Structures are given as structure tokens and as C-alpha cells.
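Working notes, beginning with the structure itself.
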Amino acid sequence: MELYDDDDIQCCAVSSDGSLFVCGGTSSLVKVFEFSKDKKIDIKLKATLDGHLDTITTIRFFFLLLVIIY
């Protein structure tokens with residue numbers, strides 16, 4: 001499984017507890033992934049956020065909120 005298709009990733013961020021990470025880039029999509037490492041490392045796509053009009057160049061978690069700047 002490819003986690004990111006047809007996109008040049010410009011930025012990524014990891015939540016403070018390490019369970020989520022997000023990536024954004026030239027496709028103007030933000031993809032939210034869940035990361036678990038119980039018995040094996042597992043990465044699952046949890047959501048794809050659309051509606052952005054341009055390349056996403058900065059992304060970060062701010063407490064419990066996801067901040068996207070493009």
C-alpha cells in the first residue's frame with residue numbers, strides 16, 4: 001500500500017502522543033495517518049482532508065487541533 005500517491009510531500013507533523021501524523025503537499029490534500037506499534041508497526045490512513053486551494057507548505061498539531069497553513 002502506498003501511503004501517498006501522486007504528490008510531492010512538503011510538510012509533515014506528529015501528534016504529541018505519537019499516535020497520529022499528518023502530511024500535506026502539492027496535491028492540496030492533507031492525509032491523517034494513525035501509527036501503532038503494539039506487536040508490529042502499523043500505519044493506517046484515517047482521513048483525507050480536501051478543500052485547500054494551493055500547495056500545503058506548513059502543518060502542525062497545536063494541542064488537540066490540527067493547524068494547516070498554505
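The values are calculated or read from the model by the stated rules, or taken from the named source; none is laboratory data. Because the structure is predicted, anything quoted here is derived from the model rather than measured. Cβ sites come from the backbone with ideal geometry, for glycine too, and all protein chains shown count toward neighbours. Note: areas computed on protein heavy atoms with side chains; ligands, DNA, RNA excluded. Shrake-Rupley method; radii C 1.70, N 1.55, O 1.52, S 1.80 Å.
Couple of notes before you dig in:
- Candidate set: segment 37-62, residues that are in contact (Cβ under 8 Å) with a residue 24 or more places away in the chain and outside any strand (DSSP E or B); chosen: the one most open to solvent (accessible area, probe 1.4 Å): Leu53
- Residue ID - modelled with the lowest pLDDT, chosen from residues in segment 20-35 that are in contact with a strand residue (DSSP E or B) (Cβ under 8 Å, 6 or more places away or on another chain) and either of a type in the set (Asp, Glu) or open to solvent by 40 Å² or more (accessible area, probe 1.4 Å) (or both): Phe35
- Segment 7-18 - residue that is open to solvent by 40 Å² or more (accessible area, probe 1.4 Å), over 9 Å from the mean Cα position of the chain (by Cα) and in contact (Cβ under 8 Å) with a residue 12 or more places away in the chain and, of those, farthest from Phe62 (Cα to Cα): Asp8
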